[in-house]
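Asks: One structure coming up, written as structure tokens, with questions to follow.
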Amino acid sequence: MKVDFVIAGTQRGGTTALYEYLRQHPSVGVARRKETHYFDHEKHFAKGSPNYVKYHARFDWKDVAQVRGEATPIYMYWQHAPARMWDYNPKLKIIVLLRDPIRRAYSHWRMECGRGRETLGFGEATRLEGDRCAQSAPLQHRVYSYTDRGFYSRQLRRIWEFFPRSQTLVLRHDEFVRNPRAVLVQVWEFLGLDAQATLNPISEQLGNYAGVPDADTFAYLRTLFRPEVRELEDLLAWDCSNWLDPG
């Protein structure tokens with residue numbers, strides 16, 4: 001018995017709400033807590049073959065469930081995670097929610113400020129990000145990677161190096177917020193589940209992490225992300241023009 005699916009990203013992209021909806025579905029078994037952080041922790045793989053018993057201990061295998069899964073949104077961003085997930089289960093299904101990278105970065109920064117791990121203003125933090133993230137090289141930085149996490153195309157391509165597109169479901173955060181039921185139907189069908197299951201509505205709690213940066217910083221980030229947004233539009237056949245709109 002193995003885990004069947006993973007919500008792999010993106011951070012601040014609606015993964016908590018999706019996880020809670022999945023928890024409600026009668027045919028789904030999820031990890032006891034969100035974010036198991038198994039495939040992104042080097043300690044589990046330092047000696048070669050990992051001990052998946054420790055991973056499976058995060059689940060209740062006695063539950064009657066058609067599929068089992070977890071949600072750790074850093075997996076999409078973490079360089080080594082896709083290869084490790086494929087080695088664990090080549091049939092694993094991957095779900096990712098993508099959010100406007102500018103507002104995602106701002107939400108990320110506000111979260112880290114609230115946790116006491118960030119003291120710089122958002123504009124300064126994004127402009128100094130490269131130097132600050134170099135502190136964790138060759139690994140990615142877990143805290144200061146505000147803009148780096150928003151370059152989704154290379155993260156998707158890394159996943160697709162191991163998993164076929166048919167085993168990945170790429171969703172839009174804004175559509176999930178606007179029409180959660182329609183997005184959930186896509187998830188249920190992707191996982192082979194009953195799409196008619198009755199679930200209680202969940203309001204995504206953005207709390208103090210919502211908002212947009214000041215005009216100068218937004219303009220800087222719009223220039224930074226414009227090529228990435230265009231590349232992602234070609235990659236997914238999406239229209240993401242509103243992602244570059246400060247309104």
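Readers should treat all values here as calculations from the given coordinates under stated rules, not as data from a laboratory. A quick note: this is a predicted structure, and the numbers were derived from the prediction, not measured. Heads up, the Cβs are rebuilt from the backbone with ideal geometry, glycines too, and the neighbour counts pull from every protein chain shown.
Asks: Where in segment 21-54 does the amide nitrogen come within less than 18 Å of the point 7 Å from the Cα of Ile202, taken along Cα to Cβ?
Replies: Hits in segment 21-54 for Ile202 at 18 Å: 21-37.
Asks: Need one number: the % of Cα-Cα pairs in segment 61-190 sitting beyond the 25 Å mark.
Replies: Tail of the P(r) past 25 Å holds 35 percent of the pairs.
Asks: Report which label in (i) 114; (ii) 163; (iii) 131 holds the value of volume of the Cα convex hull per residue in Å³ derived from the coordinates of this structure.
Replies: Entry (iii).
Asks: Write out the trypsin sites (Lys or Arg not before Pro) in segment 24-113 meeting two conditions: DSSP loop, and at most 13 other Cβ atoms within 10 Å of their Cβ.
Replies: Arg32, Arg33, Lys47, Lys62, Lys91
Asks: Considering only lysines 8 or more places apart in sequence, or on different chains, count the pairs in segment 1-150 whose C-alpha atoms sit under 21 Å apart.
Replies: 14
Asks: If the chain between Glu175 and His141 were fully stretched, how many nm would it gain, using 0.36 nm times the residue separation less the Cα-Cα distance?
Replies: Extending this stretch completely gives an extra 9.4 nm.
Asks: Compute the signed sum of charges (Lys and Arg +1, Asp and Glu -1) over the other residues within less than 15 Å, Cβ to Cβ, of Phe218.
Replies: Numbers: positive: Arg103, Arg104, Arg110, Arg127, Arg222, Arg226; negative: Asp100, Glu124, Asp214, Asp216, Asp245.
Overall, the nearby charge balance is +1.
Asks: Taking 0.36 nm per residue of sequence separation and subtracting the Cα-Cα distance, how much length would be gained by fully extending the chain between Lys2 and Glu161, in nm to one decimal?
Replies: Fully extending the segment from Lys2 to Glu161 adds 55.1 nm.
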